[in-house]
């Protein structure tokens with residue numbers, strides 16, 4: 001995913017929808033319709049950044065379909081296929097205390113409650129029951145293993161200290 005420090009990826013344009021310039025969007029927001037709250041997008045495809053405006057959008061079956069301003073036919077819509085949808089992080093709503101966006105957790109160092117360095121959060125995945133931290137080893141970690149650690153606050157995740165760039169987990173290093 002393409003990401004800059006002041007922006008985050010909120011979805012991806014996956015395919016065209018119909019003949020009037022509509023596209024299908026895979027939304028990373030929760031709920032899925034949350035992506036429709038952002039009107040000014042940047043479509044990022046193969047390193048190219050294209051500012052686009054959301055003209056209209058709605059839920060369609062299990063996904064989202066949108067109409068981008070100035071994209072009025074199927075051929076024009078096809079040029080956006082596979083593009084990541086990026087918005088400024090300042091446009092994201094403020095979360096309650098103790099909740100975090102994925103982009104805030106990615107890159108943080110992960111240690112056990114005993115201070116053992118497990119690596120850094122490379123990315124996160126959604127499993128349905130809970131989110132999972134994908135922790136990759138670093139030069140200073142205790143070994144060179146990749147770990148999948150469930151993001152379960154107060155159970156596995158003991159604390160998240162954004163200012164220190166640290167997540168403390170209650171996790172057996174053998175897992």
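Bear in mind these aren't lab numbers, they're just calculated from the coordinates by the rules spelled out. Because the structure is predicted, anything quoted here is derived from the model rather than measured. Cβ atoms come from the backbone with ideal geometry, glycine included; neighbour counts cover every protein chain shown.
Quick notes
- Selection of segment 1-19 for residues being farther than 23 Å from residue 106 by Cβ and out of contact with any helix residue (DSSP H, G or I) (no Cβ under 8 Å at 6 or more places or on another chain) yields only 15.
- Residues of segment 15-28 that are crowded, with 17+ Cβ neighbours inside 10 Å and under 24 Å from the mean Cα position of the chain (by Cα): 16, 17, 22, 23, 24, 25, 27, 28.
- Residues that are in a helix (DSSP H, G or I) and farther than 17 Å from residue 51 by Cα, drawn from segment 74-101: 74, 75
- Subset of segment 102-149 (residues that are surrounded by 14 or more Cβ atoms within 10 Å (Cβ to Cβ), out of contact with any strand residue (DSSP E or B) (no Cβ under 7 Å at 6 or more places or on another chain) and assigned to a loop (DSSP other than H, G, I, E, B)): 116, 145
- Enumeration of residues in segment 157-175 that are loosely packed, with under 13 Cβ neighbours inside 10 Å and outside any loop (DSSP other than H, G, I, E, B): 161, 162, 163, 164
- Taking (1) outside any loop (DSSP other than H, G, I, E, B); (2) loosely packed, with under 12 Cβ neighbours inside 10 Å; (3) free of Cβ contacts under 8 Å to residues at least 60 places away in the same chain in turn, residue 64 satisfies each apart from (2).
- For residue 77: the one exception among (1) surrounded by fewer than 18 Cβ atoms within 10 Å (Cβ to Cβ); (2) in contact with a strand residue (DSSP E or B) (Cβ under 8 Å, 6 or more places away or on another chain): (1)
- Restricting 9, 71 to residues that are surrounded by 17 or more Cβ atoms within 10 Å (Cβ to Cβ) and in contact with a strand residue (DSSP E or B) (Cβ under 7 Å, 6 or more places away or on another chain) narrows the list to 9.
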